[in-house]
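Here's the structure, in structure tokens; my notes come after.
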Amino acid sequence: MLIYMAIKFCPKCGSIMKPYRNGNKVTWRCPKCGYVEDSSTTVPLVERTVIEHKPDEKPVVLTKANDNLPKVKVTCPRCGNNEAYFWIQQTRAADEPPTRFYRCTRCGYTWREYE
């Protein structure tokens, strides 16, 4: 499924404007300066997209149970706790190093570290 999305820039401050539904019509609003403009297009605002998975795809399931993840001593940037769960995932090209993710054992904050 291809979805085309129009991008409109604010004539006052140059920020990217966001489309909002205003009753039956769509208006553009700048989140930075508040400038509002009526939409001149008849393309409807897409509110929901359904993603269908094929049977051979292997979805990643995230759960709150972190008991099967290893722990490491690292300082959480949010709460200062000194222990976090970690896992490594290849998020970039294969010739680049993987990304290490951490999840604090106290507050649950998740952050990443690039090698």
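Would you calculate the separation in nanometres between label points at Arg29 and Val74, each defined as 7 Å from the Cα along the Cα-to-beta-carbon direction?
The modelled label-to-label distance comes out at 3.8 nm.
For region 71-114, what mean projected area does the convex hull of the alpha carbons give, in nm²?
Hull-based average projected area comes out at 2.8 nm².
We did not get these values from a lab; they are worked out from the coordinates using the rules stated. This is a predicted model, so every value here is computed, not measured. Backbone-built Cβ (ideal geometry, glycine too); neighbour counts: all protein chains shown.
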